[in-house]
1. Farthest toward the dipole's positive end in the chain, which of Ser158, Ala125, Tyr210, given Cβ charges of +1 (Lys, Arg) and -1 (Asp, Glu) about the Cα centre?
2. Within the range 206-262, list the trypsin sites (Lys or Arg not before Pro) lying in a DSSP loop whose Cβ has at most 14 other Cβ atoms in a 10 Å radius.
3. Output wanted: per-residue J couplings in Hz (rounded whole) for the range 17-32, from phi through Karplus 6.51 cos²θ - 1.76 cosθ + 1.60, θ = phi - 60°, x for Gly and Pro.
4. Please give the FRET efficiency for Arg168 paired with His143, using the beta carbon to beta carbon distance and R0 = 25 Å, rounded to the nearest 0.05.
5. Within the range 104-180, which chymotrypsin sites (Phe, Trp or Tyr not before Pro) sit in a loop by DSSP and count at most 15 neighbouring Cβ atoms inside 10 Å?
6. Place a +1 charge on the Cβ of each Lys and Arg in the range 6-261 and a -1 charge on the Cβ of each Asp and Glu, then give the dipole magnitude about the Cα centre in debye, rounded to the nearest 20.
7. What's the exposure ranking of His236, His143, His126, going from fewest to most Cβ atoms within 10 Å?
8. What nm distance separates the two modelled labels at His236 and Ala252, each placed 7 Å from Cα along Cα→Cβ?
Amino acid sequence: MTALKGLYLYKDRPSPALSIEEVVAGLESLGLHTEYRGDFLRFLGLGEDELHSLAARIAAIRVGDIESLLDRPTEPEKVDVEREAAGMSGDEPHTDAFYDGNWLQRIYFATLSPRAASEPLCETAHLVFTGRLIGTFETRRYHARVIIGGMPALLSTSGVVEAPARPREYYFMKAKFAQSGRDTAELERAFEGRFLTYDDPKITSAMKSYALQAVFFQAAGREFCPESGCCLFNSHWQEEVLRKQVDGVLCAQCRKVLEEFT
Ligand SMILES: [Zn+2]
């Protein structure tokens, strides 16, 4: 295990419900010296041509068919490139596409590494909080993900809403509602508080735990902890996210590991 020499946070148009300042305060309170660098693209300081080329590369990794692996970037539609480029100049959260997370990480790494050249990448952690919905291909299809550990780590505020499953009864009732043509807003109200929504302020506490997962991945080579009360638990259900990532804390064992690399 190597001591972590730097922890850098960026935002990439995440949900407005996320307060990165609060995430920073939470990480600092655990002894992790954290630097928030603001908007990822502004930090990169790309020129107009570079931004357009980045927009084209990102448009090329949109997942069109969730059942087929994007083993290489596609030739992007012009309209998607324009949409990416237009989005880059604003602050509106990303909402309209699904991206291959591994490719997005490679693209962000290639763009970030020349600009962070003085920071030894193996001894630092860079975390990008994104509003993009990202996924990875697992055996037969793409699955949405909250976090993709690595350099930089991607943490998705759309993923925390979409990836962990809602209660089983919710899907059962949703199918019933669809059959009978009822408005699902009623259903959302009935299950309120049992899953995170896009504007949920609890996203901030959840993301603090996912940020720790990203830091552990980088510094200790593992992002998850099997301890059921630990905030590094690998949650598959929304109700687990609420109990472990939103309300949970690091277990005693993980606290010890944290002390070793801070
Ligand atoms: Zn733990």
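Read-outs: derived from the displayed coordinates by stated rules, not from any lab. Treat the numbers as computed from the prediction; the structure is a model and nothing was measured. Backbone-built Cβ (ideal geometry, glycine too); neighbour counts: all protein chains shown.
1. Tyr210
2. Here the sparse-neighbourhood loop sites are Arg222.
3. 6, 7, 9, 5, 4, 5, 5, 4, 4, x, 5, 4, 5, 9, x, 9
4. 0.90
5. Here no loop site has a sparse enough neighbourhood.
6. 660
7. Details: His236 11, His143 15, His126 24.
Fewest-to-most Cβ neighbours within 10 Å comes out as His236, His143, His126.
8. The modelled label-to-label distance comes out at 2.9 nm.
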